[in-house]
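Let me begin by presenting the structure, written as structure tokens, before commenting on it.
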Amino acid sequence: MISLPTRVADWRLMGRTARLVLGGPGYALVGLAAAAVALTGLVLSQNLPFTADALAGRVPASALLELYPFVGTSYSLLTGSVVVLVALLVGVDIALVAYHVREHRLSAEGGGGSLVGVVLGTLGAGCAACGSAVLAGLLSLFGAAGVLTLLPLDGLEFALLSLAALVLSIYWLADGMRGGEIRGCPVDLQK
Amino acid sequence: MTLDPTGRTSRRAILAGGVSLLGAGCLGNGESGDGGSGDGDAPSLADHPVGQNLAAQPRLGPDPAEATGVIVAFEDPSCPRCAAFEEVTVPKIKSELVDPGDAAYVVRTVPLVYPWGEPAIHALEATYARDAGAFWTLLGHYFAEQDAFGPDNVLDRTESFLSTETSIDASAVVADAETEAYASAVETDLAASEAADVSGTPTVFLFRDGDYRTRVTGSVSFNLVTQALGL
């Protein structure tokens, strides 16, 4: 049965598990690197021609920084915050997956949740930033292009959905580690 | 009216969506239509798809054929990120690049985001045919009051605004928008956007000394524009 983080104790479990895993310098580095890669991927994937031009030297590479949230103006405060949060959660997620794979047996449920979270994060953050054009295309697949007008956040809904998926993924990973120990500390303090 | 009865825009958007599902983002990052991006073969403004019929487009600043920098922006009046681009970046483009004569700023409109953008674009073309100044005033109004517009009120609000804020015949503009009298002008921009693989707005094409430099999508910063143009 699929369990959901519905209790305060579940959120404490996620927080404690993430803290314990990221408390190890190696896994913190993995998480930070994954977050940076995720943020870079989310940001640059929306402007591949510009990225290619920067890498080819047609425009200064430093101009790429202007595509990032809070550096340039491509993202609103809200969208930029969500994109950064998605990237940070991807970092936590990857660190947990790495720990789980190395130290414990990775459950299929937790691994699948992570993949869904990462894919949804990419899709969601991208669509939140691009002005919903592709969202209209996706919805038209189902003959419901007008549904776009029912999305009051201009596509940010997808990024928020990705946040939920990442949280679920982290919860399932933490749940999978329940009963174990991380660096000598019990994951679950509940009896 | 369906601007593209063949559905080409939708198919491209769907394709881009499919790409994004694989993790490459949600915009159409056309390889063929970006003017030889990244291959060292930069086409001239005259040869590039976005440079076609440029003289007939709304423009601020010097003649693109003589300007050091040329900025061609594809925008949809109903696009929220276009509104942000117009609010934050375009004023600096005007004051620091256009006014000193260093760059020309050209707008081409495409209906990609919300349904009310399409009649708004017809109204914009009808306005531009009468008075270029009124075009910029109306475009600014659409972006500034974006949340107030919808498919049911866009032309009524347009007529009301034009009649109070400009000297052109507002009712004639709205009549032309309703009958799509300037559909060919709308189609010209749409054709240019398709030839250049524009599937998101705002998409900005940058040219330096008459040659294609790069393209970028989103409400990009003024710094990015100046760095890319070397201005």
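The values are calculated or read from the model by the stated rules, or taken from the named source; none is laboratory data. It should be emphasised that the depicted structure is a prediction, and the values quoted were computed from it without experimental measurement. All Cβ positions, glycine included, derive from the backbone under ideal geometry; neighbour counts span all protein chains shown.
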* Has the range B:97-109 got at least one residue that is at pLDDT 95 or above, assigned to a helix (DSSP H, G or I) and either buried (at least 22 other Cβ atoms within 10 Å of the Cβ) or not hydrophobic (A, V, I, L, M, F, W, C) (or both)? -> yes
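Just give me the residues in the range B:98-126 being among the hydrophobic types (A, V, I, L, M, F, W, C) and under 15 Å from the mean Cα position of the chain (by Cα), in sequence order.
Selection gives B:A104, B:V106, B:V107, B:V110, B:L112, B:V113, B:A120, B:I121, B:A123, B:L124.
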* Give me the pairs: first residue in the range B:152-180 and within 10 Å of B:T127 (Cβ to Cβ), second residue aromatic (F, W, Y) and part of a helix (DSSP H, G or I), beta-carbon distance under 8 Å, and six or more apart or on different chains, which are they? -> B:A170/B:F161
* Could you give every pair whose Cβ atoms fall below 9 Å, whose first residue belongs to the range B:54-66 and is in contact (Cβ under 8 Å) with a residue 12 or more places away in the chain, and whose second residue is among the aliphatic types (A, V, I, L, M) and surrounded by fewer than 18 Cβ atoms within 10 Å (Cβ to Cβ), counting only separations of at least 6 or pairs across chains? -> B:L54/B:A46; B:L54/B:A65; B:P58/B:A132; B:R59/B:A132; B:D63/B:A55; B:P64/B:A55; B:A65/B:A46; B:A65/B:A55
* Residue pairs meeting the criteria (Cβ under 9 Å; at least 6 apart or on separate chains; first within 12 Å of chain B (Cβ to nearest Cβ) and surrounded by fewer than 21 Cβ atoms within 10 Å (Cβ to Cβ), in the range A:21-44; second assigned to a helix (DSSP H, G or I) and aromatic (F, W, Y)) -> A:L44/A:F50
* Asked: How about the range B:190-202: which of its residues are more than 14 Å from chain A (Cβ to nearest Cβ) and either crowded, with 24+ Cβ neighbours inside 10 Å or in contact with a helix residue (DSSP H, G or I) (Cβ under 8 Å, 6 or more places away or on another chain) (or both)?
  -> B:A192, B:A195
* Residue check, B:G117 surrounded by fewer than 19 Cβ atoms within 10 Å (Cβ to Cβ) and touching a residue at least 24 places away in the same chain (Cβ under 8 Å) -> no
* Asked: Does the range B:38-49 contain at least one residue that is part of a loop (DSSP other than H, G, I, E, B), at pLDDT 90 or above, crowded, with 17+ Cβ neighbours inside 10 Å and aliphatic (A, V, I, L, M)?
  -> yes
* To do: Would you point out the residue of the range B:212-230, among those that are surrounded by fewer than 24 Cβ atoms within 10 Å (Cβ to Cβ) and among the small types (G, A, S), that is farthest from the other protein chains (Cβ to nearest Cβ)?
  => B:G230
